[in-house]
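Colleague: Have a look at this one.
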Amino acid sequence: MKDVYFMERDPYAPIRHCYGISKILYEGKSKYQEIQVVESHYFGKMLILDGVVQFTEKNEFFYHEMLTHPVMFAHKNPQNVLIIGGGDGGILREVLKHKTVKKAVLVDIDKDVVEVSKKFFPTVACSMDDPRAIILNEDGFKYIQDYKNEFDVIIVDSTDPVGFAHVLTTEEFFKYVFEALKEDGIYVGQSESLHYHLDIVVRFQKALKKNFPIVDLYTTVIPVYAGYWWSFSVGSKVYNPREISRDVDVETRFYSDEIHKNAFLPPNFYQKVLNGTFKY
Ligand code: AG3
């Protein structure tokens, strides 16, 4: 295959990313979505769901570390963690690096994503057999409604908020998240790009503010997601997510205490984003 490109279909942004690829390793349709694994020249293997790149072998750690560690280190003693989505296991791997964790429940609706990831991405799906991990293939929106005052940390690693993942960004869902968290619990979810998806970021933040006393926003650069400047939204009951509560004692490639402190939006700019004066 010479000069063959995979073209991504971002559901919102009217732009297309193309990746030079050498092989299509897997193509299938699960009950919920289209799943593809391709070998790209630059990024190595890529997992693609419904035409959108979820992560690549080469740089998945930026996203997985940055979605996990800021809230885990803002919390003083995270023992019981819930991951919704994240069927590839990348967030689970990062969560289980924390020695405080006694139990991590991963609830991903799509069993096929778990199976495909185990087969093609062994360095991402490497913690599924950890004795502290429980993997469930259920609907996270329904699952969470059965738990009250249960989890220290809830992390939502979902696909873009279109189709079945949309519900995970609503005010109603955040009410269940709040209730499922313990009295000092903290939530984080991936909340799209400040460039192409600003309206989603703002809607997401507003829905969180209806439920949580402390809401914040941090970003990192993810070159395989449209807009690159990717955001993460936090809802917290007690802890200030900008502050680190414990020693950073896990091995990471990107995340550090300095990265943590610098990832959050400066307060004035954050206000501009929320009140619409940044909109361009
Ligand atoms: N989930 C979030 C991917 C979002 C990509 N969106 C986009 N490019 N428009 C990643 C799952 C990794 N565990």
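The values are calculated or read from the model by the stated rules, or taken from the named source; none is laboratory data. Predicted model, so just to flag it, every value in this text is computed and none were measured. Glycine also receives a Cβ, built like all others from the backbone with ideal geometry; neighbour counts cover every protein chain displayed. For the accessible areas, the whole protein counts, side chains as well, though only heavy atoms, and no ligand, DNA or RNA atoms are used. Shrake-Rupley method; radii C 1.70, N 1.55, O 1.52, S 1.80 Å.
Colleague: Which far-off residues, 5 or more places away or on another chain, put their amide H under 5 Å from the one on Ile83, with H placed in the peptide plane?
Modeller: Under 5 Å from the amide H of Ile83: Val105, Leu106, Val107, Ile155.
Colleague: Hey, another quick one. Among the listed pairs Lys103/Lys142; Lys97/Lys118; Lys103/Lys261, which are separated by more than 23 Å between their Cα atoms?
Modeller: Lys103/Lys261
Colleague: Treating cross-link reach as a plain straight distance, find the lysines whose alpha-carbon is under 16 Å from the alpha-carbon of Lys102, omitting any fewer than eight places away in the same chain.
Modeller: Result set, ordered by chain and number: Lys76, Lys182.
Colleague: Then there is this: Top to bottom by accessible area (1.4 Å), largest first, where do Ser193, Ser22 land?
Modeller: Solvent-accessible surface, decreasing: Ser22, Ser193.
Colleague: In Å and on Cα atoms, what radius of gyration and Dmax does region 4-55 show?
Modeller: Calculated on Cα positions, Rg and Dmax stand at 10.7, 31 Å.
Colleague: Could you order Arg93, Arg132 so the one with the most accessible surface comes first? Probe is 1.4 Å. Can you show the working numbers first?
Modeller: On the way: Arg93 35, Arg132 60 Å².
My answer, sorted largest first, is Arg132, Arg93.
Colleague: If you don't mind, there's one more thing I want to ask. Under 5 Å between amide hydrogens, which residues at least 5 positions from Tyr5 or on another chain qualify, with H placed 1.01 Å from N in the peptide plane?
Modeller: Placed amide hydrogens put Ile21 under 5 Å from Tyr5.
Colleague: Apply the Karplus parameterisation 6.51 cos²θ - 1.76 cosθ + 1.60, with θ equal to phi minus 60°, to every residue of region 135-152 and state each ³J(HN,Hα) to the nearest whole Hz, in sequence, with x for glycine and proline.
Modeller: My calculation for region 135-152 gives 10, 10, 9, 9, 7, x, 5, 7, 3, 5, 5, 8, 10, 10, 6, 10, 9, 7 Hz in order.
Colleague: Here's another thing I want to ask about it. Taking amide H positions as placed in the peptide plane 1.01 Å from N, state which residues far from Ser191 in sequence (5 or more) or on other chains have amide H under 5 Å from it.
Modeller: For Ser191, whose amide H was placed from the backbone, the distant partners under 5 Å are Ser231, Phe232, Ser233.
Colleague: Then there's this: Each residue of region 19-30 in order: what ³J(HN,Hα) in whole Hz does its phi give by Karplus 6.51 cos²θ - 1.76 cosθ + 1.60, θ = phi - 60°, with x for Gly and Pro?
Modeller: Karplus values, whole Hz, x for Gly and Pro: 10, x, 10, 10, 8, 9, 8, 7, 9, x, 10, 8.
Colleague: I've got another one for you. Heavy-atom accessible area per residue, region 135-280, 1.4 Å probe: how many Å²?
Modeller: Value for region 135-280: 45 Å² per residue.
Colleague: Please say if region 204-277 is rounded, prolate or oblate, where rounded means a/c under 1.5 for a ≥ b ≥ c the square roots of the C-alpha gyration tensor eigenvalues, and otherwise the choice is prolate for a/b larger than b/c and oblate otherwise?
Modeller: Verdict is oblate for region 204-277.
Colleague: Something else about it: Using a cut-off of 12 Å between beta-carbons, work out the net charge of the residues near Lys175 (Lys and Arg +1, Asp and Glu -1, Lys175 not included).
Modeller: Computed value for this residue: -1.
Colleague: I've got another one for you. For Glu8, tell me the accessible area in Å² from a 1.4 Å probe, rounded to the nearest 10.
Modeller: Surface accessible to solvent at Glu8 totals approximately 10 Å².
Colleague: Can you list the DSSP H helices in the chain whose Cα atoms extend at least 18 Å along the helix axis and whose mean Kyte-Doolittle hydropathy is -1.0 or higher?
Modeller: In the chain, the long hydrophobic H runs are 60-74.
Colleague: Apply the Karplus curve 6.51 cos²θ - 1.76 cosθ + 1.60, θ = phi - 60°, to the phi angles in region 256-264 and return the couplings in whole Hz, x for Gly and Pro.
Modeller: Once θ is set to phi - 60°, the couplings for region 256-264 become 7, 5, 5, 4, 3, 5, 8, 7, 6 Hz.
Colleague: Using a 1.4 Å probe on the protein heavy atoms, what percent of the accessible area of region 60-275 belongs to carbon and sulfur? Walk me through the numbers on the way to the answer.
Modeller: Details: 4300 of 8420 Å².
Here carbon and sulfur together make up 51 percent of the probe-accessible area.
Colleague: Further question: State, to one decimal in nm, how far the label point of Glu138 lies from the label point of Phe164, with both points 7 Å from Cα in the Cβ direction.
Modeller: Computed distance between label sites Glu138 and Phe164 equals 1.5 nm.
Colleague: Here's another thing I want to ask about it. Subtracting the Cα-Cα distance from 0.36 nm times the residue separation, let me have the gained length for Val4 to Ser256 in nm, one decimal.
Modeller: Extra length from Val4 to Ser256 when fully extended: 87.0 nm.
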